[in-house]
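Down below is the structure, laid out as C-alpha cells.
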Amino acid sequence: IKAKKLREDGCVVVLSIEVPADKLKAPIEDAFGQIAAKASVPGFRAGKAPKDVVRQKFAEDAKNWAVDLVIREVLPAVIEEQKLTPVSVPIVHDVEMLDGMPLKFQVSLEIPPTVQAKDYKKIALSRKSKPVTDEMVAENLEQLRQRNARLTAVLTETVERDHFVLVDYEGFLLGKPMEGAKGEGEWVDMTAPQTVAGLTEGILGAKRGQVREFPVDLPGGEKANFKVTVKDIKRKALPNLDDELAKDLGFGALLEMRLKLREVLEKTEGSKTEKDLERQIEEHLLKANPIAVPPSLVEAEAKHMVERLKSQLGVEQMSDAEAQDLHKRVLPEAENSVRLGYLLKSIGDKEQIKVLDAEIEEEEKKSLDAARSDEEKGK
C-alpha cells in the first residue's frame, strides 16, 4: 500500500493512497458470495441463480462493495502510519478502480494544529473600573419603585397621556384581518413608545367603552387600520421610597436596602471589570498567535452559538435566510473561540497547570450560590 501527503492547508491534510490490485481479489470474491446468497434474478429463486449469471449481473455492485471494504480496512493503518490524529471523520474522494489495476483514492482529513503559544507573559492591561456612585444607587432604587408600582382607578372617563389603558384590538390590512394582530385584555402604556406607530395617538381622548378605528404605520412602512375598544383606564401609582417598601421587599429598613443594593452594584461592576481584563488578554493572545484551526470544529461551535442565541432570545423557529445570516455573523467569534481553546491548552501544558477536584467543586459552589432559581441551579 502506497500513501503520500499531497498537500496540507492549515489543518486540512489530503492524502493519496494506492492499494495493489491483488488485495481486491479476495474482497470481490467474498462480495460475489454475499450477493449470490441473496440475489433475486428473474427465472431463479432468491439465492439460487448460477454464479456466472450473478457475476455478469452484479459485477459493478461486487466491485463497489469490495472497494468500500478495502478502504475501511486500509485507512486506519495509513492514518496511523502518517502519524495523523483526525478531529473529524475522514472524507474519501476521487476513487479510481479499473479492472486489474491498483485501487487509487484520495482522503481529506482535519487534524489539530501544532500550537506553541507565545507572547503570553507580561501582557499590558488597562483596568477600567467604574466606582459605584450615589446617583447609580438612586437610579436603581427608582427602578425598584417602578417595578413595584400598582395600577389604580382614575376619576376621568377619557384616556390621557399618563394613563394605562386596557384594550381589545384587531388590525386590518387591505380590508382583511392581519395575522397575529389581534388581542384581548391587553394594557397599553400611554407614556411608552409602541411597536405600532399611531396606536397611542389613536386612543388618546377616547372614553371608557368607546370603539375607535384609525390608520397606523407598521414596521416596514406598510399602513393598516386598527379597531380598538377601550375597556378600562388606570393610572400607575408609585410606592413611597421608605421603610415600608423596604419591608415589602424583604429588608428590615430602607437603609439596609440601600446598603444591599450598593453591595450588589459593586459586585456587578467588579465582575464587568474582570470580564474586560479577560477580554483584553484573549484579544492579545489571538493577535499574537494567528493559528489555523479545523473548519469542522469552527462549524460545530457556530451551530452551538446560534442555538444558544435562539434560546436566549426565545426564538423557536427561524427562516433559512435568517438562520444563514446569523450563522455567518457568529462565524468569526466561533473561530476565535476554537482558536482560544487550543491556545489556552498550550499555555496550560507549558506552565504545567493542573486543576484540582477541590477547585472544580469550589467553582461549582460559586455558580450554584449565584443562581437565582432552581431552574438556573439545574442548568
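Any idea which residue in the range 124-139 is nearest to VAL87 (Cα to Cα), counting only those that are touching a Leu at 6+ places or on another chain (Cβ under 8 Å) and surrounded by 10 or more Cβ atoms within 10 Å (Cβ to Cβ)?
Looking at residues that are touching a Leu at 6+ places or on another chain (Cβ under 8 Å) and surrounded by 10 or more Cβ atoms within 10 Å (Cβ to Cβ), I get LEU125.
When the residues of the range 325-367 are filtered to those that are among the polar types (S, T, N, Q) and surrounded by 11 or more Cβ atoms within 10 Å (Cβ to Cβ), the one that is farthest from the chain's Cα centre (by Cα) is SER346. Of everything in the range 90-116 that is out of contact with any strand residue (DSSP E or B) (no Cβ under 7 Å at 6 or more places or on another chain) and touching a residue at least 12 places away in the same chain (Cβ under 8 Å), the residue that is most open to solvent (accessible area, probe 1.4 Å) is GLN116. Just one of the listed residues (ALA224, ALA153, ALA237) is in contact with a strand residue (DSSP E or B) (Cβ under 7 Å, 6 or more places away or on another chain) and more than 30 Å from ALA253 (Cα to Cα), and it is ALA224.
From ARG208, ARG212, ARG235, grab the single residue that is surrounded by 15 or more Cβ atoms within 10 Å (Cβ to Cβ), touching a His at 6+ places or on another chain (Cβ under 7 Å) and either closer than 16 Å to LEU141 by Cβ or among the basic types (Lys, Arg) (or both).
ARG235
So how many residues does the range 266-284 have that are open to solvent by 50 Å² or more (accessible area, probe 1.4 Å) and either farther than 22 Å from THR114 by Cβ or hydroxyl-bearing (Ser, Thr, Tyr) (or both)? Going through the range 266-284 one residue at a time, the tally reaches 11. If you go through the range 128-149 one residue at a time, do you hit one that is touching a residue at least 40 places away in the same chain (Cβ under 8 Å) and within 30 Å of LYS227 (Cβ to Cβ)? Among the residues of the range 128-149, at least one is touching a residue at least 40 places away in the same chain (Cβ under 8 Å) and within 30 Å of LYS227 (Cβ to Cβ), which makes the answer yes. Scanning the range 151-174 for residues that are exposed (fewer than 13 other Cβ atoms within 10 Å of the Cβ) and either within 38 Å of the chain's Cα centre (by Cα) or not in a strand (DSSP E or B) (or both) yields a total of 6.
Filtering the range 219-240 to residues that are touching a residue at least 40 places away in the same chain (Cβ under 8 Å), out of contact with any helix residue (DSSP H, G or I) (no Cβ under 7 Å at 6 or more places or on another chain) and part of a loop (DSSP other than H, G, I, E, B) leaves only GLU222.
Considering each residue of the range 93-150, count those that are over 30 Å from LYS4 (Cβ atoms) and assigned to a strand (DSSP E or B), and give that number.
Here the count works out to 1.
Among the residues examined, THR85 does not qualify as open to solvent by 100 Å² or more (accessible area, probe 1.4 Å) and either modelled with pLDDT under 85 or assigned to a loop (DSSP other than H, G, I, E, B) (or both). Looking across the range 175-202, the residues that are among the acidic types (Asp, Glu), in a strand (DSSP E or B) and surrounded by 11 or more Cβ atoms within 10 Å (Cβ to Cβ) come down to GLU184, GLU186, ASP189.
All of LYS310, LYS287, LYS260 fail the test of being of a type outside the set (Ser, Thr, Tyr) and exposed (fewer than 13 other Cβ atoms within 10 Å of the Cβ), apart from LYS287.
The values are calculated or read from the model by the stated rules, or taken from the named source; none is laboratory data. Because the structure is a prediction, the values reported are computed rather than measured. Every residue, glycine among them, receives a Cβ derived from its backbone with ideal geometry; neighbour counts consider all protein chains shown. Quick note on the areas: whole protein, heavy atoms, side chains included, nothing else; ligands and nucleic acids left out. Shrake-Rupley method; radii C 1.70, N 1.55, O 1.52, S 1.80 Å.
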